[in-house]
Amino acid sequence: MSDSELKPIMADTATPNTYVFSRKQWVYDPSVDAKRDLRLDFLRGLAIASMVINHLESRSYFNNITQGHIYASSAEGFVFLSGMVLGLVTRQRIQKIGLPEAMKKLLERAWTLYKTSFILMATLGLLSIFFPGWTRPAFEAAPGSWWQILLAAATLHLAPPVIDILQLYVLCLVASPGMFWLLRRGLWAPLLAISWSVWSLQQLHPYALSFHPLDRDHPYFSFASWQILYVHGLAAGYYRAQLQQLWARIPKLPLVTVLVTIVIAAMVAAQYDMQLGVWPANVSQRVQWLQWTDRSINGPIRLVTLLGLFPLLYMVVNTFWLPLNKALGKLLIPLGQNSLYVYVMHVPLTVLWFMIPGLTTGNALVTTLLQAIAIGFFWFLIKKKFLFNVVPR
């Protein structure tokens, strides 16, 4: 078969954006969609689906796959990919409308997310006063009086499970104009140096730069530690063309060997640590290990794991795009393109999930089926554009 026969061709009777591929043409073809990188949408869809499954806590087969097997989670991927997509899109926007107007749109986006965060947190917080136990997992009980809840929600001093990551995005977006100002002037090295310095301070003095939440001992998504994923994603998206050239020059076999080694090592360590709880056995070593793998401060072991996992997942999706897209693309790509919408819409469903007796500890087959139905339900809402003019996307 000739090289020309291996390229995707438009079928005579195909609908727009429908392509016929040779069986050997598995690698992603950027010409399929010139406006978006569907690989990133696919990975974002995978991340948001995994996040929804984890929040719909239960003894399910899905949860057995997504929890406790490696020092990484969908949240890290979601934050990194959000930064990357924003960096890619905003660079194009800056070139079209200029830096000031592009940054104005970013701050408008931050304001939208702030209002969304306030409404969700204030609503669930106030409901926890009048209906104790009905707002799990966000609030087991009322964290304070009505005025304390409203004030805390307005000043980012609430950190309830499920919705606390929205505050991280608000802070990241507010800080983004300064980041793009540096990137616009080619000062990526100072930006990364600042990011690593803030992260390092968080490791030495955990939560020193964080708001003290009303409802927890410390925030779970502290800006000082989680910004490092967002900043590196933002820079990678902004300089994507240059990084693609560098990526093409890297020998792939040694690279894959290193990445696979990191991922396998992390999985083996997590098996003995999180699954079996037998390693490290020494108390002092275990305390140190727990700090290195602490998700709330993105400990160094977690960063090393992500350094191996993220590029490896991207390579897998790129290399096996055709079969993966055929199997899961129609589901995951719309979820990824509307990930914020799915995130907001899953909050009331999660609260309802915890209100139904037996779901969190019920039959694994039943809860797995219900989680699959939930993912399909969000896909259906996207297709119908339900409340698209109300819920941020």
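Points worth noting:
- Output for segment 376-390, where each listed residue is free of Cβ contacts under 8 Å to residues at least 40 places away in the same chain and charged (D, E, K, R): 384, 385
- Scanning segment 124-144 for residues that are open to solvent by 40 Å² or more (accessible area, probe 1.4 Å) and not hydrophobic (A, V, I, L, M, F, W, C) gives 132, 136, 140.
- In the condition set (1) part of a helix (DSSP H, G or I); (2) over 12 Å from residue 173 (Cβ atoms); (3) in contact (Cβ under 8 Å) with a residue 40 or more places away in the chain; (4) open to solvent by 50 Å² or more (accessible area, probe 1.4 Å), residue 149 is compliant with all but (4).
- Matching residues, segment 327-353, being more than 24 Å from residue 119 (Cβ to Cβ), among the aliphatic types (A, V, I, L, M) and either open to solvent by less than 40 Å² (accessible area, probe 1.4 Å) or within 12 Å of the chain's Cα centre (by Cα) (or both): 332, 333
- Of residues in segment 49-68 being assigned to a loop (DSSP other than H, G, I, E, B) and open to solvent by 30 Å² or more (accessible area, probe 1.4 Å), the one farthest from residue 357 (Cα to Cα): 67
- Inspection of segment 192-200 finds a residue satisfying the criterion of being touching a Ser or Thr at 6+ places or on another chain (Cβ under 9 Å), in contact (Cβ under 8 Å) with a residue 24 or more places away in the chain and part of a helix (DSSP H, G or I).
- Restricting attention to segment 365-388, the residues that are farther than 22 Å from residue 44 by Cβ and either open to solvent by 30 Å² or more (accessible area, probe 1.4 Å) or charged (D, E, K, R) (or both) add up to 4.
- Elements of type helices (runs of 4 or more DSSP H) in segment 203-310, at least 2 residues being modelled with pLDDT of 95 or more and open to solvent by less than 70 Å² (accessible area, probe 1.4 Å): 223-238, 252-270
- Whichever residue in segment 51-109 is of a type in the set (Asp, Glu) and without any contact (Cβ under 8 Å) to a residue 24 or more places away in the chain and, among such residues, is nearest to residue 180 (Cα to Cα): 101
- Failed criterion for residue 189 (all others in (1) within 23 Å of the chain's Cα centre (by Cα); (2) closer than 30 Å to residue 98 by Cα; (3) not hydroxyl-bearing (Ser, Thr, Tyr) hold): (1)
- Residues located in segment 107-144, provided they are assigned to a loop (DSSP other than H, G, I, E, B) and closer than 17 Å to residue 341 by Cα: none
- All told, residue 337 falls short of being touching a residue at least 40 places away in the same chain (Cβ under 8 Å) and more than 30 Å from residue 386 (Cα to Cα).
- Among the residues of segment 156-188, those identified as free of Cβ contacts under 8 Å to residues at least 40 places away in the same chain and open to solvent by less than 50 Å² (accessible area, probe 1.4 Å) are 178, 182, 186.
- Positions within segment 69-94 being of a type in the set (Gly, Ala, Ser) and either outside any helix (DSSP H, G or I) or open to solvent by 30 Å² or more (accessible area, probe 1.4 Å) (or both), in sequence order: 72, 73
- For first residues located in segment 211-233 and more than 14 Å from residue 83 (Cα to Cα) and of a type in the set (A, V, I, L, M), partners that are outside any loop (DSSP other than H, G, I, E, B) and at pLDDT 90 or above and lie 6+ apart or on another chain with Cβ distances below 7 Å form the pairs 214/148; 214/152; 224/198; 224/199; 224/201; 224/202.
The values are calculated or read from the model by the stated rules, or taken from the named source; none is laboratory data. On a predicted model such as this, the values are computed, not experimentally measured, just so you know. Heads up, the Cβs are rebuilt from the backbone with ideal geometry, glycines too, and the neighbour counts pull from every protein chain shown. Surface areas here come from the heavy atoms of the whole protein model, side chains and all, with no ligands, DNA or RNA. Shrake-Rupley method; radii C 1.70, N 1.55, O 1.52, S 1.80 Å.
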